[in-house]
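Here's the structure we're looking at; comments come further down.
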Amino acid sequence: MLIRDKLFIDGRWSAPSSTQAIEVHNAGTGEVMGRIPAAAEKDVDAAVSAARRALPGWSQTAPERRAELLENVSAGLKARADELARTIAQEVGMPLKMAGRIQAGLPIANFANYARVLKEFSFEQKVGNSLVVREPVGVVGAITPWNYPLHQIALKVAPALAAGCTVVLKPSEVAPFNAFLLAEVMDAAGLPAGVFNLVTGHGVPAGEALVKHPGVDMISFTGSTRAGKRISELAAQSVKRVALELGGKSASVILDDADLAAAVKGTVNGCYLNSGQTCTALTRMLVPESLYPEAARLAAESAKAFTVGDPLAEATKLGPLTSQAQLERVRSYIKKGIEEGAELLAGGPDAPEGTPKGGYYVKPTVFGKVRNDMTIAQEEIFGPVLSIIPYKDEEDAVRIANDTIYGLAGAVWSKDDARAQRVARRIRAGQVDVNGGAFNMNAPFGGFKQSGHGREAGVYGLEEFLEYKSLQLKG
Ligand code: NAD
């Protein structure tokens, strides 16, 4: 049992103002795996005050020194990579080997990458008679989700610290133990007191207290569109800067000249990664009407090849969902798809056989003949549920791909690269994979439309945490 009963504030582990705790469940077994403090407004206030006190010193610290400390954090995480992967595999449910590569590997890489980005970044530029300088925004409140918990944290905390901002982190209460490991690493890395603070708790009151706090200059949020809207409303009261990374309903457009087998396999993998709990999941597969029967057969075959099971077991390809709430939500969407008349090609709402009792397991599911106005094609399910939508021609495919409130990601497949790129440019989304192009940690990441605004990763992510200032010079 993992028991955490302290918050990391002002460089010290201190007891929260109340003894209220939140239980955290093991996704693979459903059992309680530990407890964390449920912080109240008073705790958030203490953390923000510490961050404000630390700001003048940290913002004036030489970028080279800040880069050195970020490298220390990366090395500290690397030394604990196995522990991180195991913790996250249990909190979230991602199979262990993959969790090592993605859930632990990406944050290690991102902290090191921001040290590099910082060293290469120019903080001032001469424009006519002005000197344009970049300054940190100030105190940043970072609020993060559970699906890639430490990755989402790293994408905020690393660039914010690089920029010279100080941070109060409010991680997801569903998968919080990785954030405690990070705080220990921060502590050991030599960061000055108050530069990084950790408060755990529910969205209300802890998250909202951070958003409303007058001592916070910016909120960087990743999570649901629902919470993003609420945060925008609250932050508007004090005209805070807000960056939002929200949900998605991304289309994978398979053109008529694509390598169909590779495109279907790539789409199914892109949909089922982390049991479909990925904001960029390719949940709508658009195929030409003439290729529909073959695409449907290939997708069902691919789905059935995913071994569902214990995230710690070697053979598992698809772990459980993260929580009981997720399990109920995903099953109800699968039932809705059947009710609305989509064709169930694989999976279904019943629990998969042979999985550990009590865990949040769901069958990898494929729906065929989905219309884009069906609920399963419009709403973010956040589970391993693929919808295949037949289209008439290229124009129709682009129209369907864009017929969504979201605009986070997408994919296009064609033997003709120029054609694939042409279609990719017409998709209103922040990131479009062309013929299975690989993830790039230095490319901007973020959404159009209700998928949010602002960009993370690489230099684009650093700039989110900087203000411009113009010094008008005489002569
Ligand atoms: P969520 O919105 O329920 O919670 C996210 C975080 O916000 C948690 O820390 C939560 O405690 C906090 N929170 C909730 N309500 C709040 C409020 N009123 N004020 C302040 N804080 C509040 O989301 P989740 O269920 O943890 O994560 C899943 C969602 O995140 C999905 O919609 C997914 O698409 C999205 N997501 C987006 C990206 C991206 O980069 N675009 C990445 C990962 C996840």
- Task: State in Å² the accessible area per residue of the stretch 317-356; use a 1.4 Å probe, count heavy atoms of protein chains only, and round to the nearest integer.
- Result: 49 Å²
- Query: So for K170, K97, what's the accessible-area order with a 1.4 Å probe, most first?
  - Reply: K97, K170
- Query: How far, in nm, would the chain grow between N269 and K336 when pulled straight, counting 0.36 nm per residue and subtracting the alpha carbon separation?
  - Reply: 21.8 nm
- Message: Taking 51 Å as R0, compute the FRET efficiency from the Cβ-Cβ separation of F123 and K369 and round it to 0.05.
- Response: 0.40
- Task: Could you work out the per residue convex hull volume over the alpha carbons of the chain, in cubic angstrom?
- Result: 142 Å³
- Note on the structure: Between the alpha carbon centres of the stretch 162-219 and the stretch 401-443 the gap in Å comes to 33 Å
- Message: Leaving out ligands and nucleic acids, and using a 1.4 Å probe, what accessible area per residue does the stretch 179-294 come to in Å²?
- Response: 31 Å²
- What's the FRET efficiency of V239 with E31 using the Cβ-Cβ distance as r and R₀ = 41 Å, to the nearest 0.05? 0.35
- Task: Return the Cα extents of the stretch 257-395 along principal axes one, two and three, sorted largest first, each rounded to a whole Å.
- Result: 45, 30, 24
- Once label points are set 7 Å from the Cα along Cα→Cβ at both F439 and H202, what is their separation, rounded to one decimal in nm? 3.2 nm
- Put +1 on the Cβ of every Lys and Arg and -1 on every Asp and Glu Cβ in the chain; which of S275, S387, G430 then has its Cα farthest towards the positive end of the dipole? G430
- For the stretch 187-297, the Cα-Cα pair-distance distribution in 10 Å bins from 0, as whole percents, is 12, 28, 21, 19, 14, 6, 0
- Message: Along the Cα→Cβ direction, 7 angstrom out, place labels at T61 and T307. What is the inter-label distance in nm?
- Response: 4.6 nm
- Task: Kindly report, to the nearest 10 Å², the accessible surface of I9 as traced by a 1.4 Å probe over protein heavy atoms only.
- Result: 20 Å²
- Using the structure shown, select from K78/K265; K317/K369; K212/K449 the pairs with a Cα to Cα distance greater than 28 angstrom. K78/K265
- Can you give the relative contact order of the stretch 57-119 as a percent, counting alpha carbon pairs under 8 Å and 6+ residues apart? 48 percent
- Query: Per residue, what volume in Å³ does the Cα convex hull of the stretch 1-149 take up?
  - Reply: 144 Å³
- Message: Going by Cα centres, the stretch 1-73 and the stretch 83-113 are how many Å apart?
- Response: 19 Å
- Message: Order F448, F306 by their accessible area, 1.4 angstrom probe, all chains in place, largest first.
- Response: F448, F306
- Message: Can you give me the convex hull volume of the Cα atoms of the stretch 1-40, divided per residue and expressed in Å³?
- Response: 74 Å³
- Quote the relative contact order of the stretch 262-355 in percent (integer), defining contacts as alpha-carbon pairs under 8 Å separated by 6+ residues. 24 percent
- In whole angstrom, and with the biggest value first, how far do the Cα coordinates of the stretch 317-443 range along each principal axis? 49, 37, 26
- Message: How large a share of the accessible area of the chain, in percent, is made up of carbon and sulfur atoms when the probe is 1.4 Å and the other protein chains stay in place?
- Response: 51 percent
- Message: How charged is the neighbourhood of V253? Take every other residue with its Cβ under 15 Å from the Cβ of V253, and add Lys/Arg as +1 and Asp/Glu as -1.
- Response: -2
- Query: So how much slack lies between E83 and A193, counting 0.36 nm per residue of separation and subtracting their Cα-Cα distance, in nm?
  - Reply: 37.1 nm
- Ignoring ligands, DNA and RNA, what accessible area per residue does the stretch 57-118 give at 1.4 Å, in Å²? 39 Å²
- Message: Starting from the Kirkwood Rh over alpha-carbon pairs, what translational D in µm² s⁻¹ does the stretch 221-260 have by Stokes-Einstein at 4 °C and 1.567 mPa s?
- Response: 103 µm²/s
- Considering Cα pairs under 8 angstrom that are at least six residues apart, work out the relative contact order of the stretch 362-470 and quote it in whole percent. 18 percent
- Given unit charges at Cβ for Lys, Arg (+) and Asp, Glu (-), the dipole magnitude of the stretch 83-242 about its Cα centre in debye, nearest 20, is 400 debye
- Item | Efficiency of FRET from Cβ geometry, D396 and K97, R₀ 56 Å, rounded to 0.05 | 0.90
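The values are calculated or read from the model by the stated rules, or taken from the named source; none is laboratory data. Just so we're clear, the structure is a prediction, and the values are computed from it rather than from any experiment. Cβ: placed from backbone, ideal geometry, glycine included. Neighbour counts: every protein chain shown. Please note that ligands, DNA and RNA were not included when accessible areas were found on the heavy atoms of the full protein model with its side chains. Shrake-Rupley method; radii C 1.70, N 1.55, O 1.52, S 1.80 Å.
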